[in-house]
1. Only one of GLU45, GLU33 is assigned to a strand (DSSP E or B) and charged (D, E, K, R); which?
2. With the checklist (1) among the aliphatic types (A, V, I, L, M); (2) modelled with pLDDT of 95 or more; (3) touching a strand residue (DSSP E or B) at 6+ places or on another chain (Cβ under 6 Å) in hand, flag the one item LEU76 doesn't pass.
3. Just one of the numbered conditions (1) assigned to a strand (DSSP E or B); (2) in contact with a helix residue (DSSP H, G or I) (Cβ under 6 Å, 6 or more places away or on another chain); (3) not aliphatic (A, V, I, L, M) is not true of PRO52; which one?
4. Which residue is surrounded by the fewest Cβ atoms within 10 Å (Cβ to Cβ), if the candidates are limited to the stretch 14-43 and must be β-branched (Val, Ile, Thr) and more than 22 Å from MET1 (Cα to Cα)?
5. Enumerate the pairs (first residue in the stretch 58-81 and in contact (Cβ under 8 Å) with a residue 60 or more places away in the chain and surrounded by 13 or more Cβ atoms within 10 Å (Cβ to Cβ); second residue anywhere and among the small types (Gly, Ala, Ser) and in a loop (DSSP other than H, G, I, E, B)) with beta-carbon separation below 6 Å, excluding pairs fewer than 6 apart on the same chain, so at least 6 apart or on different chains.
Amino acid sequence: MFLHIGVEKVVFMNDIIAIMDIEKTTTSNNTREFLKNCQEKGMVETIGADLPKSFIVTVREGKQTVYLSPISTATLSKRICKDTDDIGRILLDE
């Protein structure tokens, strides 16, 4: 399954390590340091031109990527729940 995280970008749900709210989590020095280190290592990808509302940490084939997304964590969560419910319905219908 995929999760649409903004503009034309999707990620595999199995690759997602964390989905974090930018405003709430960047009050922590640890989070700011984490994002700074990821940026310095070229692991950050900004999705779209709008201000980011969330960041998504993924690991695919041993490579970590942090996506800065204009979509809120609440919306991303709803998308995950909807997709999970759809899977359950498909499996039950079979």
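The values are calculated or read from the model by the stated rules, or taken from the named source; none is laboratory data. The model shown is predicted, which means the values in this text are computed figures rather than measured ones. We place every Cβ from the backbone using ideal geometry, glycine too, and count neighbours over all the protein chains shown.
1. Matching residue, one of GLU45, GLU33: GLU45.
2. Just one mismatch for LEU76, condition (2).
3. (1)
4. Out of the qualifying residues, it is THR27.
5. Correct list of pairs: PRO70/GLY48.
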